[in-house]
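See structure below.
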Amino acid sequence: MKMVKAPEAFIHALHKKPMTCPTPDCSGSVAVEECSRSTDRVKSFRLHCEQCDWHETMTGDEQVDPPWDEGSLMEITEEHLLHLEPVCPYDQAPVDFHSLPNPRRRARYRITCFFCGRQEELDWPPEEAKR
């Protein structure tokens, strides 16, 4: 399995951080527009320099196999609970925690990496913590 580290520009776009143009002799501001659909597992961004007209489209590298193992999920969850930024162990891209509706009034989350497309849903606290 090849491990691809998420590019810094992808992480900046994901965080909506300002970027400068990568073109030599240009220090213009880069406009970032998310162009992915809500059903996409990976995000896509259009980048455009307002000064020199440079542009590029950047998309994550979908690789959902192998899925996260139990240890990786526990590490991601612990980082989230400690208010740190959890990252995907495969590509170091930040992961997103999305709270899901749950009729049994228990916490249920979808954890997603928007670079590689891995997703997992889990209940919190886990079953083993209740014993």
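The values are calculated or read from the model by the stated rules, or taken from the named source; none is laboratory data. Just so we're clear, the structure is a prediction, and the values are computed from it rather than from any experiment. FYI the Cβ positions are ideal-geometry reconstructions off the backbone, even for glycines, and counts take in every protein chain you see. Remember, those area values only see protein heavy atoms, side chains included, never the ligands or the DNA or RNA. Shrake-Rupley method; radii C 1.70, N 1.55, O 1.52, S 1.80 Å.
Here are a few things to note about the model shown:
- Mean Cβ count within 10 Å, highest first, over the residues of peptides 97-105, 58-66: 58-66, 97-105
- For Ala93, the residues 5 or more places off, or on other chains, whose built amide H falls under 5 Å of its own are Ala6, Cys88.
- Gyration tensor verdict on the chain (Cα atoms; rounded if a/c is under 1.5, prolate if a/b is larger than b/c, oblate otherwise): prolate
- Rounded accessible area per residue of segment 12-124, 1.4 Å, Å²: 62 Å²
- Loop-located GluC sites (Glu not before Pro) across segment 1-53 with a Cβ neighbour count of 15 or fewer within 10 Å are Glu50, with loop assigned by DSSP.
- Accessible surface of the chain [probe 1.4 Å, protein heavy atoms]: carbon and sulfur percent: 50 percent
- Taking all protein chains as they are arranged and a probe of 1.4 Å, the heavy atoms of Arg41 leave approximately 80 Å² accessible to solvent.
- Sorting Trp68, Trp54 by solvent-accessible area of protein heavy atoms yields Trp54, Trp68, largest first, with a 1.4 Å probe.
- Under Karplus coefficients 6.51, -1.76 and 1.60, residue-wise ³J(HN,Hα) of segment 25-41 in Hz, glycine/proline x: 6, 10, 10, x, 7, 9, 7, 10, 10, 6, 10, 7, 8, 5, 8, 6, 7
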